[in-house]
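In what follows, a structure is listed as structure tokens, so that the remarks can point back to it.
The values are calculated or read from the model by the stated rules, or taken from the named source; none is laboratory data. Given the structure is predicted, the values throughout are model-derived calculations rather than measurements. Cβ sites come from the backbone with ideal geometry, for glycine too, and all protein chains shown count toward neighbours.
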């Protein structure tokens, strides 16, 4: 790494600026006071100290591109250190250049890069640490999920806002390529932040695509996503597109309602999460709704239950629309974000934000849930 950090307060101050900036961020972007801060540097030795030499006890997650460790800087600041498992080579300059590009991307629903460490045989990103972990953990760890309907809608809305910014308002257009619950982190106030959105750019830069403008148009089968979230067109060799991210988002939305992973063992012999949800959509959908969520809804007043039924129907419809076979018929992430914003307002009591299902969804979604 080029220059060591002289003291941990630089990282601390950078983190404070990042937090302030993230919660001021809006879909339209704009200038930000965080840009006046120098992008801090950190050494490999400092990362070794922070993670106890990348101890297994500090390991908090693994992914397609590397491992994530919980780290503690010298001033006590908690961070996440993502060590990329990539081929070594003459790629340090392009990696650092891509990190500089990605640090310009700022939004309250996107995870921010604090700094990076780049050597010929070692590359890592330093990110804010989220104690609540990933959305996957919130949905599946331990007993049945206690996420309320409002929380699930808010999380889906946060994700849509973040990805819509990447697609339509970011200083550089970014296609996520691997949107899924494990790549969404939850902070202390239950705000969702999309992570790993820049990993595809970093991998492509190390693979030799130095010009950032080339990334969106480059063929990269290794970057197309995770099983269950990959759009069908990628299987035929299509390049990554924003509509591919829309498909992955649709799977995630249906997963939020059903608490069923697209890789669940029940989905075999041609049955998918999309087909399963759609097959129940025109009738009663109680068979696909997460039972913990259904019980929460049934405990509400009749009026709140009616509103919840409509909201669940909207979420399922959005998931179905986003996962249509043909990419051209899927909505944009801007459209999805707008729909979810209206849904948030509807659940908040905004009488102007009413919803009528366009696909004939049953008005009763959560009845006859088994005890």
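Taking residue 243 as the residue in question, decide whether it is crowded, with 16+ Cβ neighbours inside 10 Å, at pLDDT below 95, part of a helix (DSSP H, G or I) and assigned by TED's automatic domain parsing to the domain that holds residue 145.
When the stated conditions are applied, residue 243 does not pass them.
State which residue pairs qualify: first residue buried (at least 19 other Cβ atoms within 10 Å of the Cβ) and inside segment 331-351, second residue at pLDDT below 95 and part of a loop (DSSP other than H, G, I, E, B) in any location, beta carbons under 6 Å apart, and separation of 6 or more residues or different chains.
346/353
Could you please let me know if residue 215 is assigned by TED's automatic domain parsing to the domain that holds residue 146, buried (at least 22 other Cβ atoms within 10 Å of the Cβ), at pLDDT below 95 and in a helix (DSSP H, G or I)?
Yes; evaluated as a whole, the condition is true for this residue.
For residues that are part of a helix (DSSP H, G or I) and either in contact (Cβ under 8 Å) with a residue 60 or more places away in the chain or over 22 Å from residue 136 (Cβ atoms) (or both), tally how many sit in segment 262-281.
Of the residues in segment 262-281, 5 are part of a helix (DSSP H, G or I) and either in contact (Cβ under 8 Å) with a residue 60 or more places away in the chain or over 22 Å from residue 136 (Cβ atoms) (or both).
Given the condition closer than 26 Å to residue 176 by Cβ and modelled with pLDDT under 85, answer yes or no: does some residue in segment 72-84 qualify?
No, because not a single residue in segment 72-84 is closer than 26 Å to residue 176 by Cβ and modelled with pLDDT under 85.
What number goes with the only condition from (1) closer than 20 Å to residue 66 by Cα; (2) over 18 Å from the mean Cα position of the chain (by Cα) that residue 125 does not pass?
The single condition residue 125 does not satisfy is (2).
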